[in-house]
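The values are calculated or read from the model by the stated rules, or taken from the named source; none is laboratory data. Because the structure is a prediction, the values reported are computed rather than measured. Neighbour counts run over all protein chains shown; Cβ positions are idealised from the backbone, glycine included.
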Amino acid sequence: MDSDVALRHGSCPEVTELGTFPVMRRLPHRFSAVLLLGLLTLLGLAAACGNDNPKLLVTGIDPQKGADGTYVRIHGNRFTVDGPRNVKVYFGGQPAQIDRFESDSELIVTAPGGKVNDVVDVLIVFDPGGRMTLPKAFRYVEKNDTGPSVDDLNINKPKK
């Protein structure tokens, strides 16, 4: 028996047991050709949507707003797979601290200081690889130095 997968008029395929592996009966060639074409199409779409792009690519940053000292993740493709690279990142002309390559598709940096409400370009320079500017990609916001404290749990404390 052959093990081609085929559907019969929209129903489940007929299965015949052979040992412990089910084997499906072969139907006319036109069904196999349609399934093969469908499979190839799905594989093509999966490759187009994956990280198989052969070029170094920057796709964006996260978060897109923050203050001095905010960790920013730069997303893209092929950051490390082609070998060692030097990288420099600038927020509105100010150099960011490079923390680490988290993976081939993620670089983590620390945002430099900036003026509250300024929206700045982010320039990424890879050597080798070139440079890319993300226009108006990061907005500076006021730094929140007051975080939660133990006093916030005191239910007897008068509210401000």
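Here are a few things to note about the model shown:
- Scan the range 83-96 for residues that are more than 13 Å from residue 61 (Cα to Cα) and either of a type in the set (Gly, Ala, Ser) or surrounded by 13 or more Cβ atoms within 10 Å (Cβ to Cβ) (or both) and the total you get is 8.
- Residue 84 being of a type outside the set (A, V, I, L, M, F, W, C) and without any contact (Cβ under 8 Å) to a residue 12 or more places away in the chain: yes
- Some residue of the range 22-45 being outside the structural domain of residue 136 (by TED's automatic domain parsing), within 30 Å of residue 135 (Cα to Cα) and at pLDDT below 50: yes
- Some residue of the range 129-138 being more than 14 Å from residue 56 (Cβ to Cβ), of a type outside the set (A, V, I, L, M, F, W, C) and in contact (Cβ under 8 Å) with a residue 24 or more places away in the chain: no
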